[in-house]
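The values are calculated or read from the model by the stated rules, or taken from the named source; none is laboratory data. Note that the structure is a prediction, hence the values are computed from the model and not measured. Positions of Cβ are generated from backbone atoms using ideal geometry, with glycine treated the same way; all protein chains shown enter the neighbour counts. Each accessible area value is taken on the protein alone, full model and side chains, heavy atoms only, with ligands, DNA and RNA left out. Shrake-Rupley method; radii C 1.70, N 1.55, O 1.52, S 1.80 Å.
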Amino acid sequence: MNINQFILNKQITFLNHGSFGACPTEIFQDYQKWQLALETDPVQFITKTGPKFLADSKKRLAGFINANPDDLVFVPNPTHAVNILRDNLKLNPGDEILSTNLEYGAMDRTWDVYCSEHKTKYIRQEISLPLISKEKFIEDFWKGYSEKTKVIFISEITSTTALKLPVYEIVKEAKKRNLITIVDGAHSVGHIPVDLEKLDPDYYTGACHKWMLTPKGSSFLWVKKNKQKDLSPLIVSWGYNAEYPSGNQLHDYHQFNGTRDFSAYLTLPKAIDFLIDHQYEAKAKSCSDLLIKNAPKFCELLKTECLAPLRDEFIGMIVSFPIQTKNPLKLKELLFDQYAIEIPVMVHGDQVYLRISCFWYNNQNDLDVLYAALTDIIEQKTDVLIVT
Ligand SMILES: Cc1ncc(COP(=O)(O)O)c(C=O)c1O
């Protein structure tokens with residue numbers, strides 16, 4: 001597998017699969033095929049044939065994540081999914097949502113809005129970094145628990161810090177404590193095994209447009225059976241008090257949000273075939289191995305520390321390094337403009353991280369290109385990258 005099978009600009013060293021994924025040409029062509037079918041006969045496609053293909057797509061996705069298709073609804077992205085939950089959560093003033101200080105910014109903002117409107121508290125429990133073990137993470141997490149905690153919200157793989165978190169253990173314990181469990185699996189599907197039967201949270205959202213390689217705007221929300229009846233749609237449309245109910249309220253309420261192009265969802269069968277044909281699990285392992293092999297070298301260069309032990313347990317196809325810079329934006333721009341490297345430099349709290357994604361089309365040479373660019377920038381001794 002090389003970059004030529006992807007639409008990506010070949011002049012760029014692309015080390016940021018994590019932000020918005022990247023679509024292989026083959027899957028993008030499938031997407032265009034669906035778009036053409038839609039525009040060829042918009043009425044038939046949107047009202048009759050499209051929904052049937054959508055159901056097929058959902059079945060394939062359900063098989064991929066060990067879930068029942070009846071419990072899944074397509075959404076454009078995890079942000080949308082979490083906003084459905086923001087709109088539905090019924091907490092009392094003083095209640096708390098327990099989370100970590102490692103969550104994605106858009107989600108933090110969503111829960112901040114919920115909490116200010118409902119006089120509840122979003123607890124961003126501090127997790128000690130570097131992680132030293134699953135057990136220590138779990139211990140840190142539950143320090144944020146109080147008798148007011150009603151909900152937990154946690155990422156399966158974090159964004160800026162790029163860490164796999166022990167969500168199975170956290171959800172299991174949360175259930176013992178009778179808490180509502182929400183898992184943000186934006187980085188999970190196609191990246192690590194996802195088994196919703198086994199995890200069994202109340203709500204789970206995942207993005208297909210990152211590591212599953214579909215075009216942008218295809219994600220899902222999974223809702224536990226006993227929570228589906230009470231979930232109001234974020235956007236009210238024809239599925240609400242439907243003239244012809246399908247027998248599945250989750251689908252009726254959330255699936256049709258007015259006229260729009262749902263072709264991206266229809267590429268899932270193609271994308272899943274693509275992943276399987278290319279032995280995605282073995283590829284994920286080699287990408288992660290490559291990162292694990294290179295990480296100590298980058299730590300030494302940047303005079304920094306890895307955020308977790310370099311093991312599969314914590315590291316997947318992304319890894320982040322805390323760096324020192326007075327101007328994160330300038331560093332990102334410099335890497336792109338002068339060295340043609342696409343890589344995120346992200347601020348999280350009072351820390352800045354450089355995050356390397358290593359996907360199937362990346363190789364040692366890409367990491368060497370980054371290493372050389374960083375060496376060059378460090379040698380210039382500016383405050384854009386400070387190494388002490
Ligand atoms: C942990 C995490 N959650 C949620 C999201 C949101 O994804 P989207 O912008 O597709 O809604 C991201 C995006 O990178 C993420 O990293």
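Here are the numbers for this structure:
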item	result
Pairs with Cβ under 6 Å, 6+ apart, first in the range 364-384 and more than 16 Å from residue 342 (Cα to Cα), second open to solvent by less than 30 Å² (accessible area, probe 1.4 Å)	378/385; 384/325; 384/331
So residue 218, is it assigned by TED's automatic domain parsing to the domain that holds residue 266 and either under 20 Å from residue 185 (Cβ atoms) or open to solvent by 70 Å² or more (accessible area, probe 1.4 Å) (or both)	yes
Any chance residue 296 is open to solvent by 10 Å² or more (accessible area, probe 1.4 Å), more than 21 Å from residue 48 (Cα to Cα), in a strand (DSSP E or B) and in contact (Cβ under 8 Å) with a residue 12 or more places away in the chain	no
Only listed residue being farther than 23 Å from residue 111 by Cβ, aliphatic (A, V, I, L, M), within 16 Å of the ligand (Cβ to nearest atom) and within 18 Å of the chain's Cα centre (by Cα), chosen from 221, 213, 163	213
Residue within the range 233-251 that is away from the ligand (no atom under 16 Å from the Cβ), under 21 Å from residue 280 (Cα atoms) and crowded, with 20+ Cβ neighbours inside 10 Å present	no
Condition broken by residue 192, with the remaining ones in (1) away from the ligand (no atom under 11 Å from the Cβ); (2) buried (at least 24 other Cβ atoms within 10 Å of the Cβ); (3) assigned to a loop (DSSP other than H, G, I, E, B) satisfied	(2)
Hits in the range 99-152 - residues which are of a type outside the set (Ser, Thr, Tyr) and touching a Cys at 6+ places or on another chain (Cβ under 8 Å)	121, 130
Test result for residue 73, out of contact with any Cys (no Cβ under 8 Å at 6 or more places or on another chain), open to solvent by less than 20 Å² (accessible area, probe 1.4 Å) and either of a type in the set (S, T, N, Q) or within 27 Å of residue 250 (Cα to Cα) (or both)	yes
Unmet criterion (only one of (1) under 16 Å from residue 308 (Cβ atoms); (2) open to solvent by 40 Å² or more (accessible area, probe 1.4 Å); (3) within 23 Å of the chain's Cα centre (by Cα); (4) not acidic (Asp, Glu)) for residue 124	(1)
Unique residue being on the phi > 0 side of the Ramachandran plot, under 19 Å from the mean Cα position of the chain (by Cα) and either open to solvent by 40 Å² or more (accessible area, probe 1.4 Å) or at pLDDT 95 or above (or both) when the list is 83, 66	66
Filter result for the condition that a residue is out of contact with any helix residue (DSSP H, G or I) (no Cβ under 7 Å at 6 or more places or on another chain), assigned by TED's automatic domain parsing to the domain that holds residue 229, of a type in the set (Phe, Trp, Tyr) and buried (at least 21 other Cβ atoms within 10 Å of the Cβ), over 141, 137, 153	137
Number of the exception - residue 333 against (1) in contact with a strand residue (DSSP E or B) (Cβ under 8 Å, 6 or more places away or on another chain); (2) free of Cβ contacts under 8 Å to residues at least 24 places away in the same chain; (3) not β-branched (Val, Ile, Thr)	(1)
Boolean, residue 96 is surrounded by fewer than 19 Cβ atoms within 10 Å (Cβ to Cβ) and more than 13 Å from the ligand (Cβ to nearest atom)	no
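For (1) surrounded by 21 or more Cβ atoms within 10 Å (Cβ to Cβ); (2) under 22 Å from the mean Cα position of the chain (by Cα); (3) more than 16 Å from the ligand (Cβ to nearest atom); (4) assigned to a helix (DSSP H, G or I), each residue gets a yes or a no:
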| residue | (1), (2), (3), (4) |
| --- | --- |
| 10 | no, no, yes, no |
| 18 | yes, yes, no, yes |
| 27 | yes, yes, yes, yes |
| 36 | no, no, yes, yes |
| 44 | no, no, yes, yes |
| 52 | no, no, yes, yes |
| 56 | no, no, yes, yes |
| 59 | no, yes, yes, yes |
| 79 | no, yes, no, yes |
